[in-house]
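Engineer: One structure follows; several queries about it will come next.
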Amino acid sequence: MKKKLEQIKENALKEINALGGLKELDEVRVKYLGKTGELTTILRGMKDVPAEDRREIGSLANTVRESIETALSNKWADLENAQLLADMEKEKVDITLPSTGTKKGSLHPLTRFNNKFMEICVEMGFTVIQGPEVETDYYNFEALNVPKNHPARDMQDSFYITDNILMRTQTSNMQIRAMEKMKPPFKVVCPGRVYRNDSDSSHSPIFNQFEALVIDENIGLKDLMFMIKEILKKLYGEDIKIRVRPSYFPFTEPSIEIDATCQMCQGKGCNLCKGTGFSEFFAAGVVNPKVLEMSGIDSKKYSGFAFGPGIDRSVMVTNKIPNIKYLFRNDMRFLKQMR
Ligand code: DAH
């Protein structure tokens, strides 16, 4: 028995020593110390050992087990260390190499223009509001004095979702929402996306507008003109010239169209402005009293003016972008040029 134990110890230690991998190590552990392992089997047979020898054999068996366990755990640590060193060698990082550079984002040209415009309006005391892009026919048309079958609807080829719900075709819906909620006097500006079924190099089914609305006592066309000129000066510089043309929108009376020094040629005359030196900037007007009344504002006491420029065209001209679609594709090559 004693001999057998010594033999087991000797064999086990030899095998452990010769081991090359963690998996084999476990196999050796099972071979000697597992449930049916060689040493375990012997320990189980202790009851057959004559009583006078049991103590000695027992203690020897325990020492053998301890030696095997210690050898296993030492080998385990050695193998793990060796693995770690090998991994470190393989995954060496050369920290002296020059960096490949981090990719830095930048603001979209529409966002930049938007931010600039908002800053100017906020300085002038406007409150920025936002509202739904999916809108009811009432807010988008009806309450703006554009009843069903009104020819003005033709100018805004609409995406209807149901008979009564559509993608808003203009941010003017926010004029109504503001008048219903806010107590005059107030000044609001609403930037946002609008949708029309229209598509070519200068029209996109999605585009961007601002809506500005001022409601107060005794205000009218001259205040509107003054404010627009101030905004354009802040956006494009003191030298900007403006020109006014009469226009028509059912919700403003009178309605005007403001042209300003063409930003493509700085007024010299080019293809965009058809040689006139001016290009279209703002649609605007004095709020039709009928619209004020429909939204619960006393038109005898209050008047108002509004303007609603599309901003994509301005961004295209300032950045010399030939096709409006570039603004919405988010092509990295384009965006990088726009930094
Ligand atoms: N919402 C009009 C459009 O998209 C533009 C417009 C005209 C806005 C006159 C206004 C305004 O605020 O007063 O065609």
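Engineer: Rounded to the nearest 500, what is the 222 nm mean residue ellipticity of the chain from helices alone, with -39500 (n - 2.57) per DSSP H run of 4+ residues and division by all residues?
Structural biologist: Computed mean residue ellipticity for the chain: -13000 deg cm²/dmol.
Engineer: Ok, one more. Which value, in Å² and to the nearest 10, is the accessible area of Leu110 when all protein chains are kept and the probe is 1.4 Å?
Structural biologist: Counting only protein heavy atoms, Leu110 exposes about 20 Å² to solvent.
Engineer: To continue, here is another question. To the nearest 20 Debye, how big is the dipole of the chain about its Cα centre, given +1 on the beta carbon of each Lys and Arg and -1 on that of each Asp and Glu?
Structural biologist: The dipole magnitude comes to about 500 debye.
Engineer: Of Lys104/Lys268; Lys233/Lys320; Lys183/Lys234, which sit over 31 Å apart, Cα to Cα?
Structural biologist: Lys104/Lys268
Engineer: Angle check, please: helix 22-33 long axis (alpha carbons) against the longest principal axis of the chain (alpha carbons), in degrees 0 to 90, nearest 10.
Structural biologist: Value to nearest ten degrees: 40.
Engineer: List the residues whose amide H sits under 5 Å from the amide H of Phe305, counting only those 5 or more places along or on another chain, with H placed 1.01 Å from N in the peptide plane.
Structural biologist: Val214, Val287
Engineer: For Ser247, which sequence-distant residues (separation of 5 or more, or a different chain) have an amide H within less than 5 Å of its own amide H, given hydrogens modelled in the peptide plane?
Structural biologist: HN-HN under 5 Å from Ser247: Ser255, Ile256, Glu257.
Engineer: Which pairs break 27 Å Cα to Cα here: Lys187/Lys301; Lys35/Lys90; Lys116/Lys229; Lys14/Lys92?
Structural biologist: Over 27 Å apart, Cα to Cα: Lys35/Lys90; Lys14/Lys92.
Engineer: Please turn the phi angles of segment 170-180 into ³J(HN,Hα) values with the Karplus equation 6.51 cos²θ - 1.76 cosθ + 1.60 (θ = phi - 60°), one per residue in order, whole Hz, x for glycine and proline.
Structural biologist: Values per residue, Gly and Pro as x: 7, 6, 4, 3, 6, 4, 5, 4, 5, 5, 5 Hz.
Engineer: Here is a further query. What number comes out for the charge environment of Gly192, summing +1 per Lys or Arg and -1 per Asp or Glu over other residues with Cβ under 10 Å away?
Structural biologist: Combined, the nearby Lys, Arg, Asp and Glu give 0.
Engineer: Let me ask something else. Counting other Cβ atoms within 10 Å of each Cβ, which GluC sites (Glu not before Pro) in segment 215-265 have at most 12 and sit in a DSSP loop?
Structural biologist: Sparse-neighbourhood loop GluC sites (Glu not before Pro): Glu217, Glu238.
Engineer: Right, something else. Which of the trypsin sites (Lys or Arg not before Pro) across segment 1-77 are loop residues per DSSP, with 15 or fewer other Cβ within 10 Å? Before the final figure, lay out the partial values.
Structural biologist: Working: sites: Lys2, Lys3, Lys4, Lys9, Lys14, Lys23, Arg29, Lys31, Lys35, Arg44, Lys47, Arg54, Arg55, Arg65, Lys75; in loops: Lys35.
Those that pass, being in a loop and sparsely packed, are Lys35.
Engineer: Follow-up question, since we're still on this one. Considering only the other residues whose Cβ falls under 13 Å of the Cβ of Arg54, what net charge follows from Lys and Arg at +1 and Asp and Glu at -1?
Structural biologist: Net of charged neighbours comes to -1.
Engineer: Follow-up question, since we're still on this one. If you filter segment 78-185 for trypsin sites (Lys or Arg not before Pro), then keep DSSP loop positions with at most 13 other Cβ within 10 Å, what is left?
Structural biologist: On the way: sites: Lys90, Lys92, Lys103, Lys104, Arg112, Lys116, Lys148, Arg153, Arg168, Arg177, Lys181; in loops: Lys92, Lys103, Lys104, Lys148, Arg168.
Answer in residue order: Lys92, Lys103, Lys104, Lys148.
Engineer: Per-residue HN-Hα couplings for segment 201-213, Karplus 6.51 cos²θ - 1.76 cosθ + 1.60 at θ = phi - 60°, whole Hz, x for Gly and Pro?
Structural biologist: 3J(HN,Hα) across segment 201-213, in whole Hz: 5, 10, 10, 10, x, 10, 8, 10, 9, 10, 10, 10, 9.
Engineer: Right, something else. What ratio of Cα Rg to 2.2 N^0.38 Å holds for the chain?
Structural biologist: Rg over 2.2 N^0.38 Å, computed on Cα atoms: 2.05.
Engineer: Right, something else. Taking the Cα-to-Cβ direction at Lys90 and at Met46 and moving 7 Å from each Cα, how far apart do the two end points lie in nm?
Structural biologist: 4.4
Engineer: Which net charge results for the neighbourhood of Lys14, defined as the other residues with beta-carbon distances under 14 angstrom from its beta-carbon, given Lys and Arg at +1 and Asp and Glu at -1?
Structural biologist: Net charge in that neighbourhood comes out at -2.
Engineer: Amide H neighbours of Phe282 under 5 Å, at least 5 residues apart or on other chains, H built in the peptide plane: list them.
Structural biologist: The list, which skips near neighbours in sequence, is Ile258.
Engineer: When every alpha-carbon pair in segment 1-150 is counted, what percent end up more than 20 Å apart?
Structural biologist: 73
Engineer: For the Cα atoms of the chain, what angle does the longest principal axis make with the long axis of helix 51-90, in degrees from 0 to 90, nearest 10?
Structural biologist: Value to nearest ten degrees: 40.
Engineer: Note the angle between two axes, namely the Cα long axis of helix 221-236 and the longest principal axis of the Cα atoms of the chain, as a number of degrees from 0 to 90, rounded to the nearest 10.
Structural biologist: 40
The values are calculated or read from the model by the stated rules, or taken from the named source; none is laboratory data. Only a predicted model underlies this, so the values are computations on that prediction, with no experimental measurement involved. We place every Cβ from the backbone using ideal geometry, glycine too, and count neighbours over all the protein chains shown. Please note that ligands, DNA and RNA were not included when accessible areas were found on the heavy atoms of the full protein model with its side chains. Shrake-Rupley method; radii C 1.70, N 1.55, O 1.52, S 1.80 Å.
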